[in-house]
Amino acid sequence: MKVTLDKKENSQAFLTVEMEPTEVEAELQKAYSRLVKKANVPGFRKGKAPRDVLEGYLGKEALFNDALEHLIPEACENAILEQDIEAFAHPQIEVTQLDPVVFKATVPLKPTVELGDYLNVRVAPQTVEVTEDDTNQTIERLRHSYATWEPVVREVGYGDLVVMDIESHLEDEPFINQKEAQYQVVQDAPTPVPGFAEQLVGMKLDEEKEFPLKFPDDYAKSEVAGKEPDFKVKVTEVKQEQLPELNDEFARQVDAEVETLDSLKEKITTAIRNRAEENAVVEHADKVVKAVTDQAQVEFPPVLVEMEVNRLIDEQLRRWQMTGQDVEHYLSYIGKSEEQLREELRPQAGENVSQSLVLAEVTDVEKVEVGDSEIDAEIENLTTTDAENKDKIKDLFNTPQYRESIRRWLQRQNTVKRLVEIAGAPAGEEK
């Protein structure tokens, strides 16, 4: 075969490989030997049909395709070795010509990382402040969650809970049809159609109303975007929210461990502060990693971005599938095609890949190690929440595969901690 290295760029090597006719013929003979053992050719025992008869029975294309399936991967591997290329991942292969057989191979190369002056990166941690307003907003949300709904005889207003009968059609097909449906009238609510809540405001008990509403052209659910359903509603009950009084009794209802409203507020303030401090630590670490990544020079093959896009999509789909929905429903819900979603995720995927490669380089430079005792402690931590199955889970985590996965995760966490340490040192001073 004839191998040409066309170019190297973007962390990829581009090869053109032309096969010799004798190589193709030799593989065609092997394809015949493979296929003749499986084919039931009329008039011949299995494995005994001559090649020309088999080609006539299966078609020359069948033999040719089988030959290429075996020939090209091996030829590509040999071409990579011939050019002394260190492939980082499986190459992409495209057959561009059949007579003679010519294919092009795009070979991903090992990423390269040049760290900048990460030892002088400084990122100030975020100051956490918890105000009285933060606590009061939480208390108010709790009041709403413990509220009761009392029937009233008046016009519907925002915030009310309406019980109603709904009939609707979309393009002469039934759309939403339900008796005794409950609906909280929230201003600018997007469901079931933007503007629906506004149509209910001012209606009275037992009043009927008919109205059309149009979905926005850019509505998330593409199958109804721009369409105009018509509605007929009858209000059968109007309920008003009754909030509990803010007193010690309410506090004890919310939390049996407190005696007074002041104690509840103090406990909520502490919880808000702890949560804010935890979030601040994570956000600060993210800023440090981004700062270190931004000043590094990183090159990697595009295949890594595609792999990360696949991971991000799988992560989203796993959460969606927990609700019992499939991929088509998910894409319909977000109003995007799969390719649109992939394109949207590529910038984030590229950033993730860059950060992972930079952290791996810092791990090597800083010689960040993880000992068996750290892995054991993490396994113990992971199994404390399920006492009943603790031993089984621990046995699973103690397999070589899981221990290695935990080791890599801890190594990344320790590397991030090291960078945070450095970023918190006084200017001009290295930690």
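Taking helices (runs of 4 or more DSSP H) that fall entirely within the range 314-431, which contain at least 1 residues that are modelled with pLDDT under 85 and surrounded by fewer than 12 Cβ atoms within 10 Å (Cβ to Cβ)? Even if it seems obvious, please write down each step before you answer.
Numbers: elements: 327-334, 338-366, 372-383, 390-397, 400-423.
Where helices (runs of 4 or more DSSP H) fall fully within the range 314-431 and carry at least 1 residues being modelled with pLDDT under 85 and surrounded by fewer than 12 Cβ atoms within 10 Å (Cβ to Cβ), they are 327-334, 390-397.
How many residues does the range 275-296 contain that are more than 23 Å from the chain's Cα centre (by Cα) and among the polar types (S, T, N, Q)?
1
Please determine, by comparing only the residues of the range 223-248 that are in a loop (DSSP other than H, G, I, E, B) and over 40 Å from the mean Cα position of the chain (by Cα), which one is farthest from Lys204 (Cα to Cα).
Pass one, the range 223-248, residues in a loop (DSSP other than H, G, I, E, B): 223-229, 243-247.
Filter once more, so that each one left must be over 40 Å from the mean Cα position of the chain (by Cα): 244-247.
Working: Pro244: 26, Glu245: 29, Leu246: 31, Asn247: 34 Å.
Per the criteria, the residue is Asn247.
Can you pull out every residue in the range 56-81 that is without any contact (Cβ under 8 Å) to a residue 40 or more places away in the chain and more than 30 Å from Asn40 (Cβ to Cβ)?
The answer is Glu77, Leu81.
Can you name the residue in the range 207-222 that is of a type outside the set (Asp, Glu) and part of a loop (DSSP other than H, G, I, E, B) and is also farthest from Glu237 (Cα to Cα) among such residues?
So in the range 207-222, the residues of a type outside the set (Asp, Glu) come out as 209, 211-216, 219-222.
Filter again for part of a loop (DSSP other than H, G, I, E, B), leaving 213-216, 219-222.
Numbers: Leu213: 23, Lys214: 26, Phe215: 27, Pro216: 30, Tyr219: 31, Ala220: 31, Lys221: 31, Ser222: 33 Å.
Once the filter is applied, the top-ranked residue is Ser222.
Which one of these is on the phi < 0 side of the Ramachandran plot, without any contact (Cβ under 8 Å) to a residue 60 or more places away in the chain, within 43 Å of the chain's Cα centre (by Cα) and surrounded by 13 or more Cβ atoms within 10 Å (Cβ to Cβ): Ala13, Ala31, Ala39? Before you say what the answer is, go through the steps one by one.
On the way: Ala13 fails: without any contact (Cβ under 8 Å) to a residue 60 or more places away in the chain; Ala39 fails: within 43 Å of the chain's Cα centre (by Cα).
Result: Ala31 is the single residue among Ala13, Ala31, Ala39 that is on the phi < 0 side of the Ramachandran plot, without any contact (Cβ under 8 Å) to a residue 60 or more places away in the chain, within 43 Å of the chain's Cα centre (by Cα) and surrounded by 13 or more Cβ atoms within 10 Å (Cβ to Cβ).
Search the range 321-342 for residues that are in the same structural domain as Val303 (by TED's automatic domain parsing) and pair each with any residue that is of a type in the set (Gly, Ala, Ser) and exposed (fewer than 13 other Cβ atoms within 10 Å of the Cβ) when their beta-carbon atoms are under 9 Å apart and the residues are at least 6 apart or on different chains.
Final answer for the pair search is Leu331/Ser337.
Mind checking which pairs have a first residue in the range 160-179 that is in the same structural domain as Glu210 (by TED's automatic domain parsing) and of a type in the set (Gly, Ala, Ser) and a second that is part of a strand (DSSP E or B) and surrounded by 16 or more Cβ atoms within 10 Å (Cβ to Cβ), Cβ under 6 Å, 6 or more apart or different chains?
Close Cβ pairs satisfying both conditions: Ser168/Phe231.
Yes or no: the range 363-370 includes at least one residue that is of a type in the set (Ser, Thr, Tyr) and touching a helix residue (DSSP H, G or I) at 6+ places or on another chain (Cβ under 6 Å). Before you say what the answer is, go through the steps one by one.
Here is the first cut: in the range 363-370, the residues of a type in the set (Ser, Thr, Tyr) are 363.
With touching a helix residue (DSSP H, G or I) at 6+ places or on another chain (Cβ under 6 Å) added as a condition, the list becomes 363.
Yes, there is a match, as at least one residue in the range 363-370 is of a type in the set (Ser, Thr, Tyr) and touching a helix residue (DSSP H, G or I) at 6+ places or on another chain (Cβ under 6 Å).
Condition (residue is more than 34 Å from the chain's Cα centre (by Cα), without any contact (Cβ under 8 Å) to a residue 40 or more places away in the chain, within 21 Å of Phe300 (Cα to Cα) and surrounded by fewer than 17 Cβ atoms within 10 Å (Cβ to Cβ)) applied to the range 82-102: is it met by at least one residue?
yes
Only one residue in Val281, Val289, Val303 is surrounded by fewer than 16 Cβ atoms within 10 Å (Cβ to Cβ) and part of a helix (DSSP H, G or I), so which one is that? Reasoning before the result, please.
Numbers: Val289 fails: surrounded by fewer than 16 Cβ atoms within 10 Å (Cβ to Cβ); Val303 fails: surrounded by fewer than 16 Cβ atoms within 10 Å (Cβ to Cβ).
Answer to the selection: Val281.
Mind listing whichever residues of the range 1-50 are closer than 30 Å to Pro302 by Cα and of a type in the set (Phe, Trp, Tyr)? Even if it seems obvious, please write down each step before you answer.
Within the range 1-50, the subset closer than 30 Å to Pro302 by Cα is 1-19.
Residue satisfying the conditions is Phe14 alone.
The values are calculated or read from the model by the stated rules, or taken from the named source; none is laboratory data. What you are looking at is a predicted structure, and each value in this text was computed from that prediction instead of being measured. Here Cβ is always computed from backbone atoms with ideal geometry, including for glycine, and neighbour counts include all displayed protein chains.
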